[in-house]
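Visitor: Okay, handing you the structure first.
The values are calculated or read from the model by the stated rules, or taken from the named source; none is laboratory data. Everything quoted here is computed from the prediction, not taken from an experiment. For neighbour counting, all protein chains shown are included, and Cβ atoms are generated from backbone atoms with ideal geometry for every residue, glycine included.
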Amino acid sequence: MPIQLFVPSFRIDECLAGIRVCLEKGWTGLGFKTVEFEDAWKKYAELPHAHFLSSNTVGLHLALHVLKSRFGWADDDEVITTPFTFVSTNHAILHSRLRPVFADLDEFLCLDPSSVAARITPRTRAVMFVGIGGNTGQYDKIVDLCQQRGLKLILDAAHMAGTRTGGRQVGPEPDAVVFSFQAVKNLPTADSGMICFKDQEDDERARKLSWLGINKDTYARTAAQGAYKWMYDVEEVGFKYHGNSIMASIALVQLKWLDQDNSYRRQLAAWYRARLAGHDSVRVVEVAPGCESATHLFQVRVERRDAVMLALNEHQVYPGVHYRDNTEYRMYSYANGSCPNAARASSDIISLPLHMNLARNDVNMVSDLLIRYTK
Ligand SMILES: *Cc1c(COP(=O)(O)O)cnc(C)c1O
């Protein structure tokens with residue numbers, strides 16, 4: 001049996017039962033299950049607002065769009081961001097007609113607060129922080145820095161569903177926290193995400209904007225008995241970004257298992273650490289102190305990474321690379337060379353297989369291969 005990087009697991013009968021309710025009711029779109037999941041997520045994530053979207057990518061764009069217009073940022077104002085992420089993070093900045101300014105990484109592969117501080121200019125408006133693999137890195141210092149310097153903070157929490165720090169969930173400090181429930185994330189649906197604004201007015205505006213600028217959702221209109229349902233207003237140009245009840249049905253089931261799944265992920269990580277201990281050729285990326293990571297990824301750093309990957313593939317083991325330094329891509333190449341730590345990580349990082357179907361002997365087998373081919 002090949003060992004893949006990610007294999008999502010679904011509680012199939014329960015998911016199908018939830019979807020069936022939507023189909024029977026004839027309500028698959030916005031409202032109904034999306035409202036139920038938003039309420040469940042607010043409770044789980046300990047955040048005051050949550051709006052269900054079709055992906056994390058659109059949520060990152062919405063976060064910047066809302067903050068940019070609320071605070072009157074100009075085109076080409078700057079957002080300090082990481083080069084070590086999925087391109088969604090940085091595309092969202094460009095979609096908002098803002099400028100990504102790349103800062104370098106710390107040993108956790110998250111933004112290094114001192115590098116962020118060094119890149120603040122009079123045009124800096126916000127910082128985009130990514131908790132790589134579920135790790136909080138030096139998130140607390142970034143929160144303090146943003147407060148001191150009057151910068152907005154957006155947390156790309158695509159890997160952080162269930163991450164806790166100091167015993168509580170991440171947030172509520174950022175102006176917006178954006179989660180992903182894409183097919184291979186810790187809470188897999190097919191595609192969906194959640195945006196959690198700190199301020200109620202941003203949450204209300206995001207709800208309008210995610211449905212084309214219409215000021216009332218269909219569910220509220222249908223539920224409003226006797227009201228003139230067709231009499232909605234369109235207050236500004238919005239987007240088609242909201243989530244639907246089919247995805248929310250899956251998410252509601254998956255949420256019940258999230259903490260249990262995450263603790264098995266931490267168990268797998270502990271088994272990897274134990275087996276790899278004492279082998280200097282494989283350097284494990286550590287979790288920040290005080291962070292109970294959702295452990296979306298288990299990452300190690302090795303010399304001759306590409307050759308090692310191919311050697312593992314020969315044994316039907318298929319690890320991944322998260323991420324390549326985004327400044328290696330043509331469209332962000334204006335910043336190439338500005339983040340040496342990210343450039344190094346880009347060439348030596350490996351994400352080892354991590355999912356619910358793995359057992360301890362799989363972890364040992366993958367670890368032993370890694371040790372053998374990095375000697
Ligand atoms: C997966 C991912 C995204 C995008 O999430 P979608 O829900 O697929 O849009 C953004 N940022 C990071 C770090 C991711 O891993």
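Visitor: Among the residues of region 324-331, is any of a type in the set (S, T, N, Q) and closer than 22 Å to Ser281 by Cβ?
Guide: Of region 324-331, the ones of a type in the set (S, T, N, Q) are 326-327.
Applying the additional criterion that residues be closer than 22 Å to Ser281 by Cβ yields none.
No, the conditions are met nowhere in region 324-331.
Condition check ((1) touching a Phe, Trp or Tyr at 6+ places or on another chain (Cβ under 9 Å); (2) among the aliphatic types (A, V, I, L, M); (3) under 23 Å from Phe86 (Cα atoms)) across all residues:
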position	(1), (2), (3)
Val253	yes, yes, no
Trp271	no, no, no
Ala274	no, yes, no
Val287	yes, yes, yes
Val300	yes, yes, yes
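Visitor: Scan region 195-203 and tell me whether some residue there is surrounded by fewer than 13 Cβ atoms within 10 Å (Cβ to Cβ) and either modelled with pLDDT under 95 or out of contact with any Ser or Thr (no Cβ under 8 Å at 6 or more places or on another chain) (or both). Explain how you work it out, then say what you get.
Guide: Start the filter on region 195-203 by keeping residues that are surrounded by fewer than 13 Cβ atoms within 10 Å (Cβ to Cβ), which leaves 200-201.
Keeping just the survivors that are either modelled with pLDDT under 95 or out of contact with any Ser or Thr (no Cβ under 8 Å at 6 or more places or on another chain) (or both) gives 200-201.
Yes - at least one qualifying residue is present in region 195-203.
This table checks each residue for (1) surrounded by fewer than 19 Cβ atoms within 10 Å (Cβ to Cβ); (2) among the acidic types (Asp, Glu); (3) more than 21 Å from Arg164 (Cα to Cα); (4) in contact with a Lys or Arg (Cβ under 8 Å, 6 or more places away or on another chain).
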site	(1), (2), (3), (4)
Leu255	no, no, no, no
Asn262	no, no, no, no
Ala270	yes, no, no, no
Ala277	yes, no, yes, no
Ala288	yes, no, no, no
Ser293	no, no, no, yes
Val317	no, no, yes, no
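Visitor: Related question: Would you mind finding the one in Val79, Val7 that is surrounded by 14 or more Cβ atoms within 10 Å (Cβ to Cβ) and assigned to a loop (DSSP other than H, G, I, E, B)? Spell out how you get there, then give the answer.
Guide: Details: Val79 fails: assigned to a loop (DSSP other than H, G, I, E, B).
Of Val79, Val7, the one residue that is surrounded by 14 or more Cβ atoms within 10 Å (Cβ to Cβ) and assigned to a loop (DSSP other than H, G, I, E, B) is Val7.
Visitor: Restricting to region 295-315, what's the tally of residues that are crowded, with 16+ Cβ neighbours inside 10 Å, farther than 26 Å from Gly166 by Cβ and either within 16 Å of the ligand (Cβ to nearest atom) or of a type in the set (A, V, I, L, M, F, W, C) (or both)?
Guide: So the count comes out to 6.
Visitor: Are any residues in region 10-50 touching a helix residue (DSSP H, G or I) at 6+ places or on another chain (Cβ under 9 Å) and outside any helix (DSSP H, G or I), and if so, which ones?
Guide: Phe10, Arg11, Trp27, Thr28, Gly29, Leu30, Gly31, Phe32, Leu47, Pro48, His49, Ala50
Visitor: Only one of (1) at pLDDT below 95; (2) under 20 Å from Pro48 (Cα atoms) fails for Thr163. Which number is that?
Guide: Single failed check for Thr163: (1).
Visitor: Here are some residues: Ala274, Ala311. Which one is part of a helix (DSSP H, G or I), out of contact with any Gly (no Cβ under 9 Å at 6 or more places or on another chain), farther than 30 Å from Pro100 by Cβ and in contact (Cβ under 8 Å) with a residue 60 or more places away in the chain? Let's see the steps before the verdict.
Guide: On the way: Ala274 fails: in contact (Cβ under 8 Å) with a residue 60 or more places away in the chain.
It is Ala311.
Visitor: Are any residues in region 85-102 surrounded by fewer than 23 Cβ atoms within 10 Å (Cβ to Cβ) and farther than 19 Å from Leu67 by Cβ, and if so, which ones?
Guide: Answer for region 85-102, where residues must be surrounded by fewer than 23 Cβ atoms within 10 Å (Cβ to Cβ) and farther than 19 Å from Leu67 by Cβ: Phe86, Val87.
Visitor: Next question, about the same structure. Can you name the number of the only condition in (1) of a type in the set (Gly, Ala, Ser); (2) farther than 26 Å from Val253 by Cα; (3) surrounded by fewer than 20 Cβ atoms within 10 Å (Cβ to Cβ) that Gly26 fails?
Guide: Answer for Gly26: the failing condition is (2).
Visitor: Being surrounded by fewer than 18 Cβ atoms within 10 Å (Cβ to Cβ), part of a loop (DSSP other than H, G, I, E, B) and among the acidic types (Asp, Glu) is the filter here; which residues of region 103-140 pass it?
Guide: Asp106, Glu107
Visitor: Can you tell me which of (1) closer than 30 Å to Cys15 by Cα; (2) touching a Phe, Trp or Tyr at 6+ places or on another chain (Cβ under 9 Å) is the one Asn186 doesn't meet?
Guide: All conditions pass for Asn186, except number (2).
Visitor: When only residues in region 150-174 that are more than 23 Å from Ala251 (Cβ to Cβ) and assigned to a loop (DSSP other than H, G, I, E, B) count, which is nearest to the chain's Cα centre (by Cα)?
Guide: Glu173
Visitor: Any chance you could count how many residues in region 55-79 are within 16 Å of the ligand (Cβ to nearest atom) and closer than 22 Å to Pro113 by Cα? First the steps, then the outcome.
Guide: Residues of region 55-79 that are within 16 Å of the ligand (Cβ to nearest atom), as a first pass: 55-65, 79.
Then keep just the ones that are closer than 22 Å to Pro113 by Cα; that gives 60, 63-64, 79.
Total satisfying the criteria: 4.
Visitor: Can you report the number of residues in region 139-182 which are in contact (Cβ under 8 Å) with a residue 40 or more places away in the chain, more than 16 Å from the ligand (Cβ to nearest atom) and in contact with an Asp or Glu (Cβ under 6 Å, 6 or more places away or on another chain)?
Guide: 3
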